[in-house]
Amino acid sequence: MERSLKPGRPIGSRTFEPEAGRAFGAVIRKYRTEMGISQEELGLLAQIERSHMGKIERGQHLPNLALILRLASALKTSPGGLVDLAAAQLAD
């Protein structure tokens, strides 16, 4: 017996996790400032608009996997390392 798929999100799911966004943004800001580059420079390296970079760092946008991969490459680190540090902040 085949189940039919229902469109939309499951009940109770959210489209944005603000705590995760803030934690990930803080990690990106830390790496960027340690490298001594501006949001604009990081945006150019990661092919992301500067205004979008600001939203990511402020935790107003949680990037998808493609953006995380580009950010990690631009910051010369691993995507998993960025996510691990954000997860550690959430656990504190």
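The values are calculated or read from the model by the stated rules, or taken from the named source; none is laboratory data. None of the values given here were measured: they were computed from a predicted structure. We place every Cβ from the backbone using ideal geometry, glycine too, and count neighbours over all the protein chains shown.
Annotations for the structure displayed:
- Residues of region 36-92 that turn out to be farther than 15 Å from ALA20 by Cα, surrounded by fewer than 16 Cβ atoms within 10 Å (Cβ to Cβ) and hydrophobic (A, V, I, L, M, F, W, C), as a count: 3
- Single match in LEU65, LEU42 (criterion: within 10 Å of the chain's Cα centre (by Cα) and of a type outside the set (Val, Ile, Thr)): LEU65
- Of residues in region 11-39 being under 14 Å from the mean Cα position of the chain (by Cα) and of a type in the set (Asp, Glu), the one modelled with the lowest pLDDT: GLU17
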